[in-house]
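Notes follow once the structure below has been shown.
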Amino acid sequence: MDAPTPLKPTRLPNARRGWAALRDRAQPGVWRHRPALGLPADTPAISLGEGHTPIVRLPRWGSAHGLPRVLAKLEYVSPTGSFKDRGAAAVIAVLAGAGVTSIVEDSSGNAGAAMAAYAARAGLRARIFVPQSAPAAKLAQIAGYGAEVVAVAGSREDVATAAEHAAHAPDVAYASHARHPAFVEGTKTFGLEIAASLADDPPLHIVLPVGNGGLLLGAFKAYGELAAAGYPAPLPRLHAAQASACAPLAAAFSAGADAPMAVQAQPTVAGGVAVGRPARGAEVLAAVRASGGSIVDIDDDTARHTRAELSRLEGLDVEYTSAVGFAAAAHLHQSGVIGPEDRVLIAATGSGLKDAGV
């Protein structure tokens, strides 16, 4: 499989113009950040109103875990129920602007739903390749957007290979959330929103569940470009959370390796991070280390407990993949990586409605 297209830095408007220079309030969704997006100027603003998700305090859950200054950014209130909408909006817009009429994508569920929804919005045909083990709720959501769902037996990598082969057909584009650089431009808006919203009291840590790492790389790219433009936005320590059943990045981080380690993936309730060979894994490892962050893995029992705890204490219904991120924050506090007075932001990446019955 070919290497993903390298990510290129975007030159942002100079900080002397203020935070408003990064926004165009006349635009919808992630396109409100068009002045900061490294995309072709004529890219159409295809949107379902994604982005600009709320940031909320977690006083009861935080108190239970010794984290009085913990926040959650509720990405699961996005149009299709996950942060993937940010990247899908950008990828589909770029492809539609280039005249593409049909796309293929591979996904464990959330990215497939996002790509299918935005393809429908843009009037494109979509074929979404998924693991046979993907949750029924996610498969029904994808099909509901009019996409053709292709279930593939085998590993997550087998699914990606099947999609890549299908993309060789005439007039078809591979809308890969793991490989297309526009996806990270879309997720970059996650970091831009945090930096602007919390400029007066920025987080010292951001904790995210990571499979392919698109959201973490978007945050890292946002803060790097903000610094280059002179904005007062110190890079938080970026912490990645993986499922113990499939943790190639956690294993590599622990071993001091520069690329993901080979792992034998096992079944996990956190299917959204069950990626054995993340396409941008080396970039994720480099970003985490550059930020002074860490990568940890969380077992399924802890993910289940954390999901139930968040619902009971805070009224947040997140999918198990998201719960892995919250569990990681608690673990990092227990191990002394996150201090008791540190301001922490956790990405609530996907809705619990997507894991109903799992």
Residue under evaluation Gly339, criteria (1) crowded, with 16+ Cβ neighbours inside 10 Å; (2) modelled with pLDDT of 95 or more, criterion not met: (1)
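Quick one: in the range 224-263, which of the residues that are assigned to a strand (DSSP E or B) and not basic (Lys, Arg) is farthest from Asp342 (Cα to Cα)? Before you say what the answer is, go through the steps one by one.
Going residue by residue through the range 224-263, those that are assigned to a strand (DSSP E or B) are 237-243, 246.
From what is left, the residues that are not basic (Lys, Arg) are 238-243, 246.
Numbers: Leu238: 13, His239: 14, Ala240: 17, Ala241: 18, Gln242: 22, Ala243: 25, Cys246: 29 Å.
So, considering only residues that are assigned to a strand (DSSP E or B) and not basic (Lys, Arg), the one farthest from Asp342 (Cα to Cα) is Cys246.
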Of the candidates Ala279, Ala240, Ala252, Ala274, the one satisfying the condition of being more than 12 Å from Phe220 (Cβ to Cβ), at pLDDT 95 or above and either touching a Phe, Trp or Tyr at 6+ places or on another chain (Cβ under 8 Å) or of a type outside the set (Lys, Arg) (or both) is Ala252
In the range 195-216, what residues are in a helix (DSSP H, G or I) and either outside the structural domain of Leu285 (by TED's automatic domain parsing) or surrounded by 24 or more Cβ atoms within 10 Å (Cβ to Cβ) (or both)? Ala195, Gly214, Leu215, Leu216
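Does Gly272 qualify as being in the same structural domain as Ala347 (by TED's automatic domain parsing), buried (at least 20 other Cβ atoms within 10 Å of the Cβ) and either of a type outside the set (Lys, Arg) or part of a helix (DSSP H, G or I) (or both)? Spell out how you get there, then give the answer.
Numbers: in the same structural domain as Ala347 (by TED's automatic domain parsing): yes; buried (at least 20 other Cβ atoms within 10 Å of the Cβ): yes; either of a type outside the set (Lys, Arg) or part of a helix (DSSP H, G or I) (or both): yes.
So Gly272 passes the test.
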Among the numbered conditions (1) buried (at least 16 other Cβ atoms within 10 Å of the Cβ); (2) touching a helix residue (DSSP H, G or I) at 6+ places or on another chain (Cβ under 6 Å); (3) in a loop (DSSP other than H, G, I, E, B), tell me where Pro4 comes up short. (2)
On the phi > 0 side of the Ramachandran plot and either part of a helix (DSSP H, G or I) or in contact with a strand residue (DSSP E or B) (Cβ under 6 Å, 6 or more places away or on another chain) (or both) - does that describe any residue in the range 310-332? no
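Would you say Gln334 is surrounded by fewer than 23 Cβ atoms within 10 Å (Cβ to Cβ) and under 25 Å from Pro68 (Cβ atoms)? Steps first, answer last, please.
Values: surrounded by fewer than 23 Cβ atoms within 10 Å (Cβ to Cβ): yes; under 25 Å from Pro68 (Cβ atoms): yes.
Yes.
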Picked from the range 275-284 (must be among the charged types (D, E, K, R) and part of a loop (DSSP other than H, G, I, E, B)), the residue surrounded by the most Cβ atoms within 10 Å (Cβ to Cβ) is Arg280
Condition broken by Gly38, with the remaining ones in (1) over 27 Å from Gln141 (Cβ atoms); (2) of a type outside the set (Lys, Arg); (3) without any contact (Cβ under 8 Å) to a residue 24 or more places away in the chain; (4) not assigned by TED's automatic domain parsing to the domain that holds Ala222 satisfied: (3)
Would you point out the residue of the range 333-358, among those that are out of contact with any helix residue (DSSP H, G or I) (no Cβ under 9 Å at 6 or more places or on another chain) and in a loop (DSSP other than H, G, I, E, B), that is nearest to Val273 (Cα to Cα)? Ser335
Say whether the condition of being among the polar types (S, T, N, Q) and in contact (Cβ under 8 Å) with a residue 60 or more places away in the chain is met by at least one residue in the range 305-314. no
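Restricting to the range 53-70, give me the number of residues that are in contact with a Gly (Cβ under 9 Å, 6 or more places away or on another chain) and surrounded by fewer than 21 Cβ atoms within 10 Å (Cβ to Cβ). If you could, list the steps in order and put the result at the bottom.
Step one: list which residues in the range 53-70 are in contact with a Gly (Cβ under 9 Å, 6 or more places away or on another chain), which gives 68-70.
Checking which are surrounded by fewer than 21 Cβ atoms within 10 Å (Cβ to Cβ) leaves us with 68-69.
Looking only at that region, the number is 2.
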Do we have Ala259 as touching a Cys at 6+ places or on another chain (Cβ under 6 Å) and among the hydrophobic types (A, V, I, L, M, F, W, C) here? no
In the range 11-22, which residues are surrounded by fewer than 19 Cβ atoms within 10 Å (Cβ to Cβ) and either in contact (Cβ under 8 Å) with a residue 60 or more places away in the chain or assigned by TED's automatic domain parsing to the domain that holds Tyr223 (or both)? Arg11, Pro13, Asn14, Ala15, Arg16, Trp19
Surrounded by 23 or more Cβ atoms within 10 Å (Cβ to Cβ), touching a Pro at 6+ places or on another chain (Cβ under 7 Å) and within 30 Å of Glu319 (Cα to Cα): does that describe Glu50? yes
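In the range 118-132, which residues are within 18 Å of Thr43 (Cα to Cα) and crowded, with 21+ Cβ neighbours inside 10 Å? Can you show your working first?
Within the range 118-132, the subset within 18 Å of Thr43 (Cα to Cα) is 118-124.
Answer for the range 118-132, where residues must be within 18 Å of Thr43 (Cα to Cα) and crowded, with 21+ Cβ neighbours inside 10 Å: Tyr118, Ala119, Leu124.
The values are calculated or read from the model by the stated rules, or taken from the named source; none is laboratory data. Since the model is a prediction, treat every value here as computed from it, not as a measurement. Every residue, glycine as well, gets a Cβ built from its backbone with ideal geometry; the counts of neighbours run over all protein chains shown.
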